[in-house]
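One structure is given below, encoded as structure tokens.
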Amino acid sequence: MKAFRLDELEAERAANDGAYLQFLRERNMSVGLYALDAGQTDPQQPHRQDEVYFVVSGRASITVGEETTTVANGSVVYVPAGVPHKFHHITENLKVMVVFSPPEN
């Protein structure tokens, strides 16, 4: 078993001055914590892996392909591999758990 505490992951992410911290990598998936501040621009490019986003905290909009929706605490969004996607209109600091399958390179 591997168990994690969100506050410890957030502290590690912040200490490394990055928006993304991969904290688990296994044969068929990887998991990370992604954070964007209110008003920040999301620099993501399409990934070669399927993704699932779980919004831990914050509020924003996300556009996946041609579809846009609002996300907040508890939202879950699936993004197919290769599809352009961005968080935008981030009105509250956003913390998102990201699951990649297969693992992100």
Query raised in the report: What's the percent breakdown of Cα-Cα distances in the range 21-68 across 10 Å bins, shortest bin first?
Result: 17, 54, 26, 2
Requested in this report: Above 16 angstrom, tally the Cα pairs of the chain and express them as a % of all pairs, no decimals.
Outcome: 57
Query raised in the report: How much of the accessible area of the chain, probe 1.4 Å, is carbon plus sulfur, in whole percent?
Result: 52
Query raised in the report: Taking square-rooted eigenvalues a ≥ b ≥ c of the alpha carbon gyration tensor, is the range 1-49 rounded, prolate or oblate, where a/c under 1.5 means rounded and, failing that, a/b exceeding b/c means prolate?
Result: oblate
Requested in this report: Leaving ligands, DNA and RNA out of it, work out the accessible area of residue 50 with a 1.4 Å probe and give it in Å² to the nearest 10.
Outcome: 60
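So, for the chain, what is the accessible surface per residue at a probe of 1.4 Å, expressed in square angstrom? Could the numbers behind the result be given before it?
Working: 6160 Å² over 105 residues.
Using a 1.4 Å probe on heavy atoms only, each residue of the chain averages 59 Å².
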Report summary line: Quick calc, the chain, dipole around Cα centre from Cβ unit charges on Lys, Arg (+) and Asp, Glu (-), nearest 20 debye, gives 200
Report task. Tabulate in residue order the Karplus-calculated ³J(HN,Hα) for the range 58-63, using 6.51 cos²θ - 1.76 cosθ + 1.60 with θ = phi - 60°, rounded to whole Hz; enter x for Gly and Pro. Result -> x, 8, 6, 10, 9, 10
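The values are calculated or read from the model by the stated rules, or taken from the named source; none is laboratory data. All of these numbers come straight from a predicted model, not from anything done at the bench. Reconstructed Cβ throughout: ideal geometry from the backbone, glycine too, with neighbour counts over all protein chains shown. Surface areas here come from the heavy atoms of the whole protein model, side chains and all, with no ligands, DNA or RNA. Shrake-Rupley method; radii C 1.70, N 1.55, O 1.52, S 1.80 Å.
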